[in-house]
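The values are calculated or read from the model by the stated rules, or taken from the named source; none is laboratory data. Just so it is clear, the structure is predicted and the values come from calculations on it, not from any experiment. Please note: Cβ atoms are built from the backbone with ideal geometry, for glycine as well, and neighbour counts cover all protein chains shown. When the accessible area is computed, the model is the full protein with side chains, heavy atoms only, and any ligands, DNA or RNA have been set aside. Shrake-Rupley method; radii C 1.70, N 1.55, O 1.52, S 1.80 Å.
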Amino acid sequence: MKTLPRIVLSSLVLILVTITAIPVAAQDNAAQTVTVSEAALNATLTRYSSGGAGDTLPVESLSLNLRDMEIILVAEGTRPNGQSFSVEGVIVPSVADTHLYWTLASLETVDANGIVSPRDPASGQATGKAFIDIWEHAFTQSVRNLLPYIEQDNLFNLRSVDVLSATVSEDAITIEFRKGASNQRESAPDPLAGAAGQDGTSNTIMITEVQANDALAAFARRNERVESMTVDFTPDGVKVEAQIVTTDGQTVGIIAILIGLLLPARDGQTTSLAWTFYDVIVSSVAAGDVNNDVLGEIITNAWSRFVELQINAYTGDAGKNEVSIESLEVTNTSMIIAILIGL
């Protein structure tokens, strides 16, 4: 009779141990957060600008401001003719499939006279890749000692953790994550997060629908005539919906279906990517009260500029050579552009 109590007691102990072990395992991989302050990021930029940022971008100072879901990176310098300038890049975070991405939403140059230009003041070339590189350096150095599961190479992508969310407030960036399970060392690096295009070879750029929507939301926040703008990827085209304020103050709902076209350049050797609207649907106003072509042009220009920025951010210095678009593929979740650099 003593055996039965021992069996019952052993079973109870086993059950208790099993029940106790379950929450412990869950807690080991519970969601965690890490917060990086704007002050810490600016301190990193100050050290970086004094230690050789000119090799990446010909500037005298670097600083950033955080806004609602936007990182505003500002580089200031002086042209050879003595005129001062500032270049402002807007970078937005996106989280897709537990990966953290950084997307260049806009890039503008403001000279001493207040003239705004989307071109680099020193060379006339786009500086998207330089801005992405600078931001990733600041982010990497600031979070290097804050995340316990970080993989030192590919740090900017947080490839060794599963990112759940990334939030930018007025004074800090907060990242929610778990210890990585699926995005370990074997994961291919993201081409939009620091991998430079290779000269003389075919390269692939992937832009997710999530990235595009976050960038267009940033564009809408900074454009007085655009109240909102979203994009829906489909194999048949890119559908962009927007609320736009007309010159007479009306708010117009508009849907534009954009088609990417590969057009031969004048040199006969390269191919460029151009966007045209297949159809424009306007609502919220009486027919004939607005110019559909003008509204469609606002959307087309915004989308074309966004895609151009991503190509420029990827090609970097290699993009100073000829860049030819080889193919364009749009799925329900991503857009894949194949390019050839340096013909």
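The figures follow:
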| item | result |
| --- | --- |
| Accessible area of residue 225 in the full protein assembly, 1.4 Å probe (Å², nearest 10) | 80 Å² |
| Stretchable slack from residue 33 to residue 261, in nm (0.36 nm times residue separation minus alpha-carbon distance) | 77.8 nm |
| Sites matching GluC sites (Glu not before Pro) across the stretch 207-252 that sit in DSSP coil, with at most 12 neighbouring C-beta atoms within 10 Å | 224 |
| Sequence of 303, 275 when ordered by accessible area, the most exposed leading, probe 1.4 angstrom | 275, 303 |
| Accessible-area ranking of 263, 340, 100, largest first, probe 1.4 Å | 263, 340, 100 |
| Length gained when the stretch residue 230-residue 176 is fully extended (0.36 nm per residue, less Cα-Cα span) | 17.0 nm |
| Whole-number accessible area per residue in Å² for the stretch 214-313, which is evaluated in the context of all protein chains at 1.4 Å | 51 Å² |
| Distance in nm between pseudo-label sites at residue 145 and residue 48 (7 Å out along the Cβ direction from Cα) | 1.8 nm |
